[in-house]
Amino acid sequence: MEKILTLIVKEDEPSKRLDLFLSEKLPEVSRSAAKGLLKRGLILVDNAPSKPSRKIHPGETITVTLPPPLPSVLEPEPIPLDIIYEDEDIIVINKPRGLTVHPGAGRRRETLAGGLVHHAISLSDIGGPLRPGIVHRLDKDTSGVLVVAKNNLSHMNLSRQFEEHSTERRYHALVWGRVEKNEGTIALPIGRDISDRKKISAKTRKARRAITHYRVLRRYPFFTLLEALPETGRTHQIRVHLKSLKHPVVGDPVYGKTAPPSSLPEKITGRIKELRGQLLHAKTLGIIHPRTSEKMEFSSPYPEDMERFLKILAETFP
């Protein structure tokens with residue numbers, strides 16, 4: 001359960017940074033933790049968000065919302081896993097849309113990590129107790145292929161492959177509008193948005209290199225089916241990059257288009273309203289097996305609603 005604390009800056013309090021003041025007054029909040037809470041909007045000064053560097057002033061009321069602590073041990077959960085491949089070193093999963101990979105501030109239970117602990121006798125522990133075996137992630141509402149390490153040697157080997165960009169990752173995305181170029185590259189550095197920390201954008205104080213290659217698989221009126229090949233692996237990278245082309249992913253609740261055009265056939269508009277996440281699917285993952293050094297490639301089918309939507313498009317626009 002969250003905890004709410006209230007502080008009032010006294011008249012004789014020396015002028016200092018807000019994050020320093022909080023760390024001095026609240027033993028349970030370090031300076032770095034204060035910065036994190038401020039960025040998430042969980043600390044308000046006179047009911048308004050603020051920055052860590054802001055100087056405090058006498059008479060100000062500071063409200064601190066402390067979220068409930070994450071569990072120190074991950075509990076096994078009987079979550080069904082769609083296992084594509086498994087051996088003594090790795091598990092390859094077809095992750096469904098709507099499933100969070102590991103516990104975080106927004107979710108404690110019903111995660112892929114909990115399902116993995118329930119399924120496997122052993123998993124790597126390099127990522128800590130809440131991320132057993134987790135080498136890389138997919139967004140909650142992105143479906144598709146994900147590899148998990150069952151031991152630390154496999155984890156280190158796979159992590160190196162992702163860091164060196166030697167893995168082969170191919171995503172399929174249905175986007176709004178007609179993409180004119182048959183293929184292209186988006187080289188747009190991105191980071192946490194300066195005005196909304198939950199979003200990623202090019203409007204950031206700390207831009208990181210991000211490159212996505214793409215090619216057109218099929219064009220429809222109003223839509224294009226793309227294959228995206230990320231060269232880097234930044235958070236929300238493909239979604240943000242496709243939005244930058246003015247072709248956001250269909251069904252994306254954060255970066256996508258919200259109102260279908262009035263000329264779109266009604267049966268397609270109805271299907272869009274039924275979507276519960278972006279039509280972005282991690283279709284294929286190629287890796288070098290950490291023990292055998294064999295090159296392996298895994299693919300998974302589209303989720304049911306994406307398959308159904310593409311079928312309706314093909315029938316409507318043959």
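The values are calculated or read from the model by the stated rules, or taken from the named source; none is laboratory data. Nothing here was measured: the structure is a model prediction, and the numbers come from that model. Using ideal geometry, Cβ is built from the backbone for each residue, glycine included, and neighbour counts are taken over all protein chains shown.
Structural remarks
- Residues satisfying the stated conditions in the range 105-137, i.e. β-branched (V, I, T), closer than 11 Å to E75 by Cα and modelled with pLDDT under 85: none
- Among residues of the range 273-283, those that are surrounded by 17 or more Cβ atoms within 10 Å (Cβ to Cβ) and either over 18 Å from the mean Cα position of the chain (by Cα) or without any contact (Cβ under 8 Å) to a residue 40 or more places away in the chain (or both), counted: 1
- Matching residues, the range 23-42, being free of Cβ contacts under 8 Å to residues at least 24 places away in the same chain and either assigned to a loop (DSSP other than H, G, I, E, B) or β-branched (V, I, T) (or both): P27, S30
- Matching residues in the range 119-130 - criterion: being over 14 Å from I93 (Cα atoms), surrounded by fewer than 22 Cβ atoms within 10 Å (Cβ to Cβ) and in contact (Cβ under 8 Å) with a residue 12 or more places away in the chain: S122, D125, I126, G127, P129, L130
- All positions within the range 175-194 that are in contact with a helix residue (DSSP H, G or I) (Cβ under 7 Å, 6 or more places away or on another chain) and closer than 23 Å to L285 by Cβ: V175, I186, I190
- Of all residue pairs spaced 6 or more apart or on separate chains, those with beta-carbon atoms under 7 Å, a first member in the range 174-198 that is closer than 23 Å to A259 by Cα and a second member that is basic (K, R) and surrounded by 13 or more Cβ atoms within 10 Å (Cβ to Cβ) are W176/K257; R178/R219.
- Residue check for T232: among the hydroxyl-bearing types (S, T, Y), touching a residue at least 12 places away in the same chain (Cβ under 8 Å) and within 21 Å of R169 (Cβ to Cβ): yes
- Condition met for K243 (at pLDDT below 95, among the charged types (D, E, K, R) and under 22 Å from K181 (Cβ atoms)): no
Results for (1) in contact with a helix residue (DSSP H, G or I) (Cβ under 8 Å, 6 or more places away or on another chain); (2) in a strand (DSSP E or B); (3) closer than 15 Å to L174 by Cα; (4) not hydroxyl-bearing (S, T, Y), shown as yes or no for each residue.
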site: Y255; (1), (2), (3), (4): yes, no, yes, no
site: T258; (1), (2), (3), (4): no, no, yes, no
site: S262; (1), (2), (3), (4): no, no, no, no
site: I268; (1), (2), (3), (4): yes, no, yes, yes
site: Q278; (1), (2), (3), (4): yes, no, yes, yes
site: H281; (1), (2), (3), (4): yes, yes, yes, yes
site: G286; (1), (2), (3), (4): no, yes, no, yes
site: T292; (1), (2), (3), (4): no, no, no, no
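- All positions within the range 169-184 that are exposed (fewer than 13 other Cβ atoms within 10 Å of the Cβ) and in a strand (DSSP E or B): E183
- Condition check for A207: among the hydrophobic types (A, V, I, L, M, F, W, C), on the phi < 0 side of the Ramachandran plot and modelled with pLDDT under 95: yes
Yes/no per residue for (1) modelled with pLDDT under 90; (2) among the β-branched types (V, I, T):
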| site | (1), (2) |
| --- | --- |
| E88 | no, no |
| I91 | no, yes |
| R97 | no, no |
| P103 | yes, no |
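- Qualifying residue in the range 37-49 (condition: more than 30 Å from G286 (Cβ to Cβ), modelled with pLDDT of 90 or more, among the charged types (D, E, K, R) and surrounded by fewer than 15 Cβ atoms within 10 Å (Cβ to Cβ)): yes
- Of all residues in the range 289-315, those satisfying the criterion of being under 30 Å from K267 (Cβ atoms) and either aromatic (F, W, Y) or surrounded by 14 or more Cβ atoms within 10 Å (Cβ to Cβ) (or both) are S299, S300, Y302, P303, D305, M306, F309, L310, I312, L313.
- K243 passes every criterion in (1) assigned to a helix (DSSP H, G or I); (2) in contact (Cβ under 8 Å) with a residue 40 or more places away in the chain apart from (2).
- Taking residues in the range 291-314 that are assigned by TED's automatic domain parsing to the domain that holds S159, and partners anywhere that are part of a loop (DSSP other than H, G, I, E, B), not one pair has Cβ atoms closer than 7 Å while being at least 6 places apart or on different chains.
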